[in-house]
Structure formats: structure tokens, C-alpha cells
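Below: the structure, in C-alpha cells.
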Amino acid sequence: MQLLEGLTEAQLEAVTTHEGPLLVLAGPGSGKTMVVTRRIAHLVASGVDPSSILALTFTNKAAAQMRERVARLLGDSLAGVMQVSTFHAFCARQLRIWSSAAGVSPNYSIWDTSDQRDAVKRAIVDAGLSTSNWPPAAVLSTISGAKNKLQNASTFEQEAMDFNDRTVAKIFTRYETLLRENDAMDFDDLLGHVARLLRDDESIRSSAQRRWNYILVDEYQDTNFAQFIIASALAQSHRNICVVGDPDQSIYRWRGADIRNILDFEAHYPEARVVPLGRNFRSTGHIVKAASGLVSRNESHRHKDLHTELEDGTPVNIQTCMDEHVEAEAIVKHFRKAAEAGRPWREMAVLYRVNSLSRVLEDAFRHASIPHAVARGTAFYERREIKDALAYLRLLLNPNDDIALRRIINVPTRGIGKTTMDRMEADARAHGQQLGEVMRRISSVPGVTDRARKAVGRFVTMIDGWIAEMTGGMLGLDLADLVSMVLRDSGLESSMVDSDDGEDRIANLSELVSAAADLIIEPDEEGRLPDLRQQLASWLESIALVSDSDAIDPESGVVTLMTLHAAKGLEFDVVAIAGLEQGMLPHSRSFNEPESMEEERRLCYVGMTRARRDLLMTRAMTRTHRGLRDRTMVSEFIDDIPPDHVACELPEPSWGSTMGSVDEPVRHGDDESVFQLGDQVEHPRFGLGRIQRLMSRPRGLTATIDFEEYGPRTLLLAHAGLQRLGGGLEDSTY
């Protein structure tokens, strides 16, 4: 049969096993999608009614791809009568059919994430509580976790063991009421209602089992408890359930996924047949063995003989870099070399654990004129919180920048609403003034309430206070200090705490401080160093240019930058994974919980197995956080990789250690003048300091110097006028 041509022995077994429970352990690059679609087609070709087949997956993209492939094998007419959809789409459809039994309106609306957050905020207030003390995002996460366990507000309240849970139960109760009053469902309700109906209603369960005789669940390692109940109930009588997945790629525990569903499949179905798909058709030998060695350290690991019949290829390249800038340059150099060897940009990707790492990487690719794009996210300087912060900083240079002012006048909320804005803008038009000018005479603007006048006054005082500090109010204030002060005093940073993605957004703001600390201070044509205001102006101008869209080569495509989570399911010829450090990958949140640490190791494994031919893994010995350089520890995952399959590169010896020890001296061009890490130097303006970092940049050699009075500053050595004061070598001036 044509459907069986080209299959391996294991794939053939998975495709042709029709009856009874089947667990397909599909390793990365093992042809999982092909096996799933051919199995469906083989069922139909063997006489199974296509309308009796139900295939469930997690994303619309995966469902569409599955339908398309089945249609190519069977034809549109046959494929069209079978149901291939996401769990949520399946439940939404069935819930409208079963609405009477579920006690809901068949015309219910579905609340998205924003709707849910607004409703929870209202529920918190209605319960007589404060959103400051009960962050909506955290409350919603707790409610979602309860719903995934099929708990309603009543059962959650009965099981509440402490003050926190009892309080959340009150909010949960009010939130449920709001849903009912609005004939609405959130995403968890779709799963929960259908799961309870299939579990508790015999007539509905029997009807569903007669309707769908063959159940297939893709990415089974990502199912939560409600999805487990749905799949189990549908297959309860005929037990014709095929689940496909890989415990080693379970990386969504934070979303409610329960790895035990796939690990315990054989306990739930003792008669199950297990078919491991261990042959990797994607990656070369060293990559497969390196990744396999890493993930085998997990206790949750289910053994699969991961192997490939491709050549060994090049070993996994592990590079230790001085800092994040050297790391980014190393990745750029590696990718350019691959491009020169004929690899198109579109077949290259950089992966990282947290979004904030993308800033330095984006800068490096931009400086190298390599086309690139941030996938499933926004370029660093285009992110909302970064644009808000930059709007504040623009006002320090130009208090009459109405575009910046309108963006952040009430961000975070400070009691300056639309009515007040409308009246100030009307007054500005009447007097031919800018909003900033009107705000500074708010007492004369008609129709503005006393409360709003005070709020506007506080805002103006805050902006003017920053301007005073910037123009000479605080001794030793540098650009990074100024940015940090704005983020703190504006409330922008603290306002992120209760948002859904607050941790990532706060990390992005911290990265902005680091970007400010990286500014190279260069003198003007007359040799004068810029003051803080001039530094801010120069920095904002450079950022405005960064935000302009780079030209994209339509022929060669672009390098993709994305998180490790976003990369699941994708593959590239050349992959770099950045940030292999303790606290970064594995993330610091996982240190005290073995299950979380295992998931971090699986996440690294997923990243490694995205690479077909070339895998680079990098770490920085120091990384900047809020403008200060911190020494890092190498990720423990590096030690988990079998050494026979890696090649390591250490920092260039001429750069010495990042912690101030003296190694070989650093020279610039043919100049015999020498500076080393740890040298004490004197600057004509900043005074005494010690060299913390030396970096080769396109414009020349730079030094980060920790001055006794002014703190860390990055200077271009060719124009710095530094006097070296000892350190083991003869005194010299650069």
C-alpha cells in the first residue's frame, strides 16, 4: 500500500496499529506528523468511517497542517467529514450542542485574556478588596489552576486551607457570577464544562463514544487534567485511543500541563502498545547524542533509543564568552561563517530563555548588517514597556513633546483621565500652546477638578525634578542612574508586577538600564566630554535609528530570534542557544523545585533538537543587570552533555578575566601603550578609577572604568586621555 511506503519498522507499527490503546513516544525529528496523518489515512483506507475519527491537538496551526496533509492523502471529500481540531475548538462546538445539559446559554460569548483580566479586577473590587493587595494576574492564575482541576468556586472554597485561598475563593465566586450574568465562558470553562459532562453524564458520554470510535491526541505530554478527562472519557468503552508525544518535550507545566498524563498512560491502559520513534531524521549524530545525553539525566525520562542515520557532522560548539556583547558578536561571527558556506539566513535561529536577552543580540545583528527578526514577540525597542520608558526620557529633553506626553500621562494610572485631557487640550488649542505648557499652569484651566489638578501638579513636579537632577542636581549621576531613577519614580516598573507577563517586562526594563550603561562616552570636536543631557540626547537618537525597519533581503530571508518556548516544533540548519548560565538556563525560579529543574532541562533539550546541522551554545562570564556587571556561573546543563560530542571554545587569552585579574596586556593598533584589566587610571574629569572591562568595538578599543566618585563609565580609549597609575607596568598615557 502506498500509504506505507518509506516507513521505518517503528513508524509502520504505529501507522498500522488500529485497535486498542497505543502510545507513540515520538522523539524530535522522528516524523511524528507524518505518522499521525498516515495513521488516520490508513484507518480510512482500511474501511473506518472518517466521521468516527476524532483528532485533537493544541494549536490551530497544527490542526490545519494535519487536516491539509490528510486531505492530500484521502481527498477533500473524505477528509472533510472527520474532525481534526484543537481541544478548545472541539469543546466550544460541543458545548453549544450540549448547552442544555451543561446549563449554559447556547449563544454564550468567549472572553479573551483581556476580558478575563478586566472581570477579575471588577470581582476583586466587588469583594471589597484591593487590586494592589490582590494582583489580578495572580488571582486569575489561581482560578485557572482550580478550573483545570475541574473545581468550581464552591469546591475551591471548601478545600481552601489558608487565608489566601479563602480570599481568592470570594473573588472566584464573584467572577463566576460575572461570567453567568454575561453568558460568557473563559477558555478554562470550555474545557471544564465538557470534561464534567463526559465524566458525569452517562447519556452524553455514551453518545460521544458511539460517535467517535477512534481518538487520537497529539502532543499528549502537554495535556492538563481537564483534557485528560475528556480524552479518557471519549475512549472509555472502545479504548481505541492513540496518544502521540514525548515526555522529554513537556515544557508547559506553568500553563497547567501535567507530564504524568503521558508517563502514566500504561497504568491507565495496561493493555497499551508502546511504540518508540527513536530515529531522528532531522539532526546529525553529534547533536542527537548530545541532546539525548542531556535529557537522560531527568528522572522523568522515558528511554528511547535516540539515533540518526545521518553523518555525525560537527560537534556541538560550546563557547564561553567574556560578556553578553562578546557572546552576541561570537554568534554573529558564527552565522556569517555559515552564510559564507552557503547557508541562507532563513535557516538560522538564535534561541534564549528570557526575552530581555534579545536586546544585545538585536544590536549585534544590526551592526553587522545581517537581516533578522524577532519571532513571536516584538523587537526590543518596540516593546510597549520600553516605548513607555523612552517616552518619559524624551520629556526630559523636551517637556513639550506632546506625542510622548500623551503616551505616558496616565501610565501607570495616576488619576489624569480622558475628561481632564480633553479640557487641557482644548485650553492648549485656545491659547496656541503645547500640552506641557498648559500642565504647568493647570490652576488656570477651566473645568478641571481639584483632584485632577493635584495629579497633574505631581506629574509636572516629577518631570521637572528629573530635569533638575539631570542638569546638575546629583553629583556623579550617570545615564544608567538617570534611567533607573525614571523607571522607579514614575511607578512604571512597579506597575508591571501584577501583569500577566510582568516578570518579562520588568526584565526588559532592567535591560534598558544596561543599554544606557553601555553608552560609549565620546568627546566633541574640541575634546569636551558630553554632559548628561547631551548623553541622553545622543542615546535616544541612536535608539530612534534602531527602531527604523532594516531592509530585508527577500531572497536570503532573515535570521530568527526567539525564545526557547516559541521554538518548539520548528527546525533550522544552524541554531545558537544563548545564555547557558545558572539563573538564566536553568531559570532561577527552578532552583528549589526538582520538577521545575527537570522542565528546564527539557527546555534546553528542545532547543538543542531544533538544529539540523550546526549547534552553537554560548554563555557569558559576566552579564549586565541594571547597569552593573555580575559574574555568572556556567549552566549545570553544560556538564550534563556528553563531552565526546562537544567542542569547547574559551575566551581569547588577551582578554584575561572579567573579575579584574591581570592576564596578557591589551594593545590597540600599533600603539605601544598598554592597559590591563584591574589597572588603576586617572581621568581629567572623572578622576581616579579602575578598569573593569576592555572591549574591541568597530570604533576602537573601549574600557569600562569604575570611578571612585562617578561610578562605572564606558570610554573610547583613543579619546579618553587616561593616565595609567601603576599596576605592574610603566606608567603611560593612552
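The values are calculated or read from the model by the stated rules, or taken from the named source; none is laboratory data. Quick caveat: nothing in here was measured; it's all calculated off a predicted structure. Note that we place each Cβ from the backbone using ideal geometry, even for glycine, and neighbour counts take in every protein chain shown. Protein only, heavy atoms only, side chains kept; ligands, DNA and RNA dropped before computing areas. Shrake-Rupley method; radii C 1.70, N 1.55, O 1.52, S 1.80 Å.
Observations, loosely collected:
- H625 paired with K61, simple spin-label distance in nm, labels 7 Å along Cα-to-beta-carbon: 3.2
- Gain on full extension, evaluated as 0.36 nm per residue between S51 and T413 minus their Cα-Cα distance, stands at 125.0 nm.
- Distance-filtered residues of the range 382-425 - backbone nitrogen under 11 Å, label point 7 angstrom along L540 Cα→Cβ: 390-405
- Against the chain, whose longest principal axis is taken from its Cα atoms, helix 324-340 shows a tilt of about 60°.
- Distance between the range 388-413 and the range 147-162 - C-alpha centres, whole angstrom: 44
- Percent accessible area from carbon and sulfur atoms, the chain, protein chains only, probe 1.4 Å: 48
- Taking 0.36 nm per residue of separation and subtracting the current Cα-Cα distance, fully stretching the chain between A368 and D264 would add 32.5 nm.
- Tensor-based shape of the range 40-81 (alpha-carbon gyration tensor, a/c under 1.5 rounded, otherwise prolate or oblate): prolate
- 10 Å Cβ shell holding at most 15 others, DSSP loop, GluC sites (Glu not before Pro): longest site-free stretch of the chain: 312-524
- The chain - accessible surface per residue (Å², probe 1.4 Å): 44
- Here, the range 556-637 is characterised by an Rg to Rh ratio of 1.00, where Rg is the alpha-carbon radius of gyration and Rh the Kirkwood radius.
- FRET efficiency, Q2 to L570 (Cβ-Cβ, R0 25 Å, nearest 0.05): 0.30
- Which of F365, W212, S300, positive extreme of dipole for the chain (C-beta unit charges): W212
- Cross-link pairs exceeding 32 Å between alpha carbons, from the set K289/K337; K337/K568; K149/K418: K149/K418.
- E181 paired with A468, simple spin-label distance in nm, labels 7 Å along Cα-to-beta-carbon: 4.7
- The peptide list 121-129, 586-594, put in order of mean Cβ contacts within 10 Å with the highest first, becomes 121-129, 586-594.
- Crossing angle, helix 136-148 versus the chain [Cα axis fit, 0-90 degrees, rounded to tens]: 20
- Sorted largest first, the principal axis extents computed over the alpha-carbon atoms of the range 271-312 equal 38, 21, 11 Å.
- In the chain, helical runs assigned H by DSSP with n ≥ 4 each contribute -39500 (n - 2.57); averaged across all residues and rounded to the nearest 500, the mean residue ellipticity at 222 nm is -13000 deg cm²/dmol.
- Peptides 103-113, 394-404 ranked from most to least packed, by the mean per-residue count of other Cβ atoms within 10 Å: 394-404, 103-113.
- Angstrom value of the Kirkwood radius, inverse mean 1/r, which spans all Cα pairs in the chain: 29.3
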